[in-house]
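Beneath this line is the structure, given in structure tokens, with notes to follow.
The values are calculated or read from the model by the stated rules, or taken from the named source; none is laboratory data. Since this is a predicted model, take the numbers as computed values, not measurements. As a convention, Cβ positions derive from the backbone with ideal geometry for all residues, glycine included, and neighbour counts pool all protein chains shown. Accessible surface is based on the protein model in full, side chains and every heavy atom, while ligands, DNA and RNA are left aside. Shrake-Rupley method; radii C 1.70, N 1.55, O 1.52, S 1.80 Å.
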Amino acid sequence: MDPGGFAIAILPVVLSPGASFTLAMNSALTSGARGVLTIMAGTALGIFTHALLVGLGITAALTAFPSLFGALKIAGTIYLLWLGCRLIRGGLTAQPLRLTAQTQPITLTQAWLANVINPKALLLYLTVVSRFAGNTAGTGAYLLLASMHIAIMVAWLTIASQLLLRSVERYPIDRLRKWVDIGGGLLLILFALSALT
């Protein structure tokens, strides 16, 4: 097992904007720190789910059946499209002074699903994480690497959400939220469509 190499390899994956980043920034503006913690917890559960599935060999079995894997890709795409449209709708209808009252927060289950049914996350754990876990690695090695992944993800989302929340002091929250929601929704739609290729 190579935890140092894994930390270096996973860093660009964590830092690149993805579904969890988009959901965390939206939640920072609509629900504050509590919303970001929900996204972090859901993402962490998703990462542990992938590590467990790869460690037990279930993911390899899943990818061995192209039609089953294709169905998972379609389900993941539809779910990310739904989340993206939900964010865009929220951004377009954002009203000053009543943001949190009209906004339904992203739930722990939704954050977990956004990670678990994302085919790119599944393939990341099947290919990249497997390489660093070693050929004879057991489930424990995958869970250890997943814990490192989660620690890096939590640090990054904490920093990014705090920077966003501090910018609220300079810019009106309704305008900022509108752009974060619409931009984030468009990014989720882009991620969803790119997952099909």
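Summary of computed values
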{"item": "Per-region count, the stretch 102-118, residues at pLDDT below 85, in a loop (DSSP other than H, G, I, E, B) and open to solvent by 50 Å² or more (accessible area, probe 1.4 Å)", "result": "2"}
{"item": "From L23, L83, L68, residue being at pLDDT below 80 and within 30 Å of V168 (Cα to Cα)", "result": "L83"}
{"item": "Residue list for the stretch 138-164, filter: at pLDDT 90 or above and loosely packed, with under 13 Cβ neighbours inside 10 Å", "result": "A155, I159"}
{"item": "Failed criterion for I173 (all others in (1) modelled with pLDDT of 80 or more; (2) crowded, with 17+ Cβ neighbours inside 10 Å; (3) not charged (D, E, K, R) hold)", "result": "(1)"}
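This table checks each residue for (1) open to solvent by 20 Å² or more (accessible area, probe 1.4 Å); (2) of a type in the set (G, A, S); (3) in a helix (DSSP H, G or I).
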position: V13; (1), (2), (3): yes, no, yes
position: T22; (1), (2), (3): no, no, yes
position: S27; (1), (2), (3): no, yes, yes
position: S31; (1), (2), (3): yes, yes, yes
position: I39; (1), (2), (3): no, no, yes
position: F48; (1), (2), (3): yes, no, yes
position: A61; (1), (2), (3): yes, yes, yes
